[in-house]
1. Could you compute the FRET efficiency for residue 126 and residue 73, with r as their C-beta to C-beta distance and R0 at 35 Å, rounded to 0.05?
2. Express in nm, to one decimal, how much length is gained between residue 81 and residue 103 on full extension, taking 0.36 nm for each residue of separation and deducting their alpha carbon distance.
3. Each label point is 7 Å from the Cα along the Cα-to-Cβ direction; what then is the distance between the points at residue 177 and residue 112, in nm?
4. Please give the peptides 123-130, 36-43, 163-170 ranked by average Cβ packing (other Cβ atoms within 10 Å per residue), highest first, as a rough proxy for protection.
5. Among rounded, prolate and oblate, which fits the stretch 25-83 when a ≥ b ≥ c are the square roots of the eigenvalues of its C-alpha gyration tensor, a/c under 1.5 means rounded, and a/b larger than b/c means prolate?
6. Given a Förster radius of 25 Å and the C-beta distance between residue 38 and residue 157 as r, what FRET efficiency does 1/(1 + (r/R0)^6) yield to the nearest 0.05?
7. Considering only the stretch 31-140, what is the antiparallel percent among its DSSP beta bridges, to the nearest 5?
């Protein structure tokens with residue numbers, strides 16, 4: 001995409017569009033879990049970073065955290081060195097071999113408004129080759145209703161009532177056997 005000779009605002013827009021256009025197909029392989037969070041909630045996010053074709057092996061991963069996301073801490077990974085500069089977290093020194101993936105986790109507070117925030121994920125190898133992906137996190141007003149937990153609660157109540165009824169029946173049988181007159 002050609003962006004020279006334009007104003008800085010147009011050039012920035014052109015560069016951003018080019019980055020998204022080229023990163024989008026590759027970003028489908030990089031994932032974030034969960035992909036949707038409730039606004040203002042304390043969340044743990046896990047980024048799965050694959051090495052699909054780099055024969056040397058990925059040895060550094062940097063997460064650019066959106067300004068609206070309050071970063072608390074990050075996972076310490078054995079074999080990797082971690083550093084933080086403002087809203088960027090970097091892991092280096094480890095290795096993701098070709099055909100494998102690694103996960104990188106962070107904890108923090110989701111933005112306080114409904115939006116989609118973009119995390120920048122830069123991955124690279126020791127030869128200097130790197131690529132930056134953009135991956136979105138949807139921030140929603142309300143989470144899904146958890147009917148499963150409600151159903152489990154009802155089932156637990158039914159089981160406990162049935163258990164109490166059986167215990168009461170066993171008590172009455174025991175009392176009957178204890179109090180009945182001896183056989184002649």
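Just so you know, all these numbers are worked out from the coordinates, no wet-lab data involved. A quick note: this is a predicted structure, and the numbers were derived from the prediction, not measured. All Cβ positions, even for glycine, are placed from backbone atoms using ideal geometry, and neighbour counts span all protein chains on display.
1. Between residue 126 and residue 73 the formula returns 0.80.
2. 6.5 nm
3. 6.6
4. 36-43, 123-130, 163-170
5. Oblate.
6. The pair residue 38/residue 157 has a calculated efficiency of 0.35.
7. Rounded to the nearest five, the antiparallel share is 95 percent.
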